[in-house]
Structures are given as structure tokens and as C-alpha cells.
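Read the structure below first, then the notes.
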Amino acid sequence: MTNKAKLLIVEDEQAILQGLMDVFVFHGYQVDSAMNGKIGLEKALSQNYDLILLDVMLPFIDGFSICNQIREKDLQQPIIMLTAKSSEQDIITGLTLGADDYISKPFSVRELVLRVESVLKRSQQQMEQNAVLSIANMRIDTANLQQLDCKIAQQFTRREIEILHYLQQHDQRPVPREELLEKVWGYRQAENIETRTVDIHIAKLRRKIEADPKQPKFLLTIRGEGYRLLSDASD
């Protein structure tokens, strides 16, 4: 890694924190840390990090609240949430608040490193893009992650833009969940939690680009095949 990415790890268990710091330093990252939510939030909002690894169960301020406050300030900050909780509602909460990824403990170190690398790669690619994405009746500024030509700008996360880009590039066919996980998230294998991750992001996107998210005209689910993005509702 030529230019060392800088990570912030917010984790209250000393042994886990030290282990994560050692792993990422070994892999060539700069690493900062915080052992409670208050300090973690202060660092996240006052300093520049390429990615934040954020535990959910933290003293003073929980990870969900930290994620939410970061997103209010910065839609592009890469965030991966770490937690011992693996219920569907916890996953939905974390992703709805704007986390880029969600990993349940216990996890393999190799998997975590690969996920971090994937999120960082996608983040860099998005920063290098400077284009307008036309979806349905919307024009989206992909550099600033917001809708153009409207009184109240609709905001998008970086991951949402990536999904729209990929679906638009392959708009002649349905795109399976597993393909989105591989090409957008960078996962090699789909697990139940990760598949649910795709569904959650699609639901969020429908609320932003569809007049009636429950009866979508542009971002369609093709049963047994995947998702398809139409440029025009008459397609």
C-alpha cells in the first residue's frame, strides 16, 4: 500500500481493539483508536479518516448514534460497523443509518481486512468519478451525492450511487443479488446477512427515486432473478 490509509477503530474491549490495531498496522494502515463512544465521535467529527471501524455497544454513546451523527455531517465517510448483535433488526438499523458494511462478531481477520479493502477501493473510485447519473426522472450529482434541479436536494450515500451505476450499466437484464454483492460490495460469497444487505439498500433507494416505493416503476424486483433498473417506466 503506497499511500497508507488512515483508520479509526472505535472498540471498548481492550483485547479486541489491540488485536485489530496490530492487524491493520501489519497490513500497512495508519491506525487511530477510541475506547468509548464519546471520544470516538469527537475524533470522527474533528479529524480525517479514510475509514471508520465502529463497534455498536460502546460506553457513553452507542455506535448507531455515532453513525447517525457522522452521516449528518458527511455522507461520504466510509463506515463499517462491528457488533456482537446479529439480529435482522440490528443489521437493518446499521445499514439504514448509512453504514457501508456490517460485520457480526466473531469474524475472521482475513474477512475483515478484505471488507475494509473493498470499501476503501469503492470509496476511491467514487471520489474519482465526476459525472451526472440520470435515473428515472432524476439527475444525480455523483460527486456530491445529491439530486440536481430540485428545491430540496435528495441525498444519496456512496453505496447507493454505486448500486445505481452498476444497475444502469447492466440495465438490459435483471442483476442477481449475488452479482451485486460481488461487483459492488466486493464479496466473493453471499451469506444470509449480506443478501439481506442488498434488499435493505434497494428499499432505501426506492424511497428516494420512486413516487410510490411499494409499487416501483423504475427499480424493479424480478422474482427469482434479481433487480433491474429501467431508464423509463414504459420500458
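The values are calculated or read from the model by the stated rules, or taken from the named source; none is laboratory data. Here the structure is a predicted model, which is why all the values come from computation and not from measurement. For neighbour counting, all protein chains shown are included, and Cβ atoms are generated from backbone atoms with ideal geometry for every residue, glycine included.
Below is a table of values for the structure above.
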quantity	calculated
Residue among Ser46, Ser86 that alone is under 19 Å from Glu111 (Cα atoms) and at pLDDT below 95	Ser86
In region 1-40, residue farthest from Val56 (Cα to Cα) [restricted to those that are of a type in the set (Phe, Trp, Tyr) and outside any loop (DSSP other than H, G, I, E, B)]	Phe26
Filter result (more than 13 Å from Ala84 (Cβ to Cβ) and surrounded by fewer than 23 Cβ atoms within 10 Å (Cβ to Cβ)) within region 49-65	Tyr49, Asp50, Pro59, Phe60, Ile61, Phe64, Ser65
In region 29-44, the residues that are under 18 Å from Ser123 (Cα atoms) and surrounded by fewer than 16 Cβ atoms within 10 Å (Cβ to Cβ)	Gln30
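Residue-by-condition table, conditions (1) under 23 Å from Ile163 (Cβ atoms); (2) touching a Gly at 6+ places or on another chain (Cβ under 7 Å); (3) modelled with pLDDT of 90 or more:
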| position | (1), (2), (3) |
| --- | --- |
| Ile16 | no, no, yes |
| Leu20 | no, no, yes |
| Asp62 | no, yes, yes |
| Asp74 | yes, no, no |
| Ile92 | yes, no, no |
